[in-house]
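Comments concern the structure below.
The values are calculated or read from the model by the stated rules, or taken from the named source; none is laboratory data. Bear in mind the structure is a predicted one, so any value in this text is a computation, not a measurement. Cβ placement follows ideal geometry from the backbone for every residue including glycine, while neighbour counts extend to all protein chains displayed.
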Amino acid sequence: MFRHRIDRRVSQGLSKGCITVVNPLDFARLERHIRSRKPSIPIPGETFNAYGKVMVR
């Protein structure tokens, strides 16, 4: 199982294990949507929950 973060694009646009959103407005909209609900997915071995899962094919 891989753990990823969703981040705004950094200066060079490089991503090391992160899902990068290029457009700041798109990032803000996605972040608002994700955080509109409480994190409810248990993470094995952790004391906190995740907001959701991203399936990459």
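Brief remarks on what is shown
- Residue count for the range 43-57, restricted to those that are surrounded by 11 or more Cβ atoms within 10 Å (Cβ to Cβ) and either in a helix (DSSP H, G or I) or modelled with pLDDT of 90 or more (or both): 1
- Output for the range 14-33, where each listed residue is modelled with pLDDT of 90 or more and either of a type in the set (Val, Ile, Thr) or surrounded by 12 or more Cβ atoms within 10 Å (Cβ to Cβ) (or both): ARG29
- Remark: pairs (first residue in the range 28-39, within 11 Å of ALA50 (Cβ to Cβ); second residue polar (S, T, N, Q); Cβ separation under 6 Å; 6+ apart in sequence or on different chains) = PRO39/ASN49.
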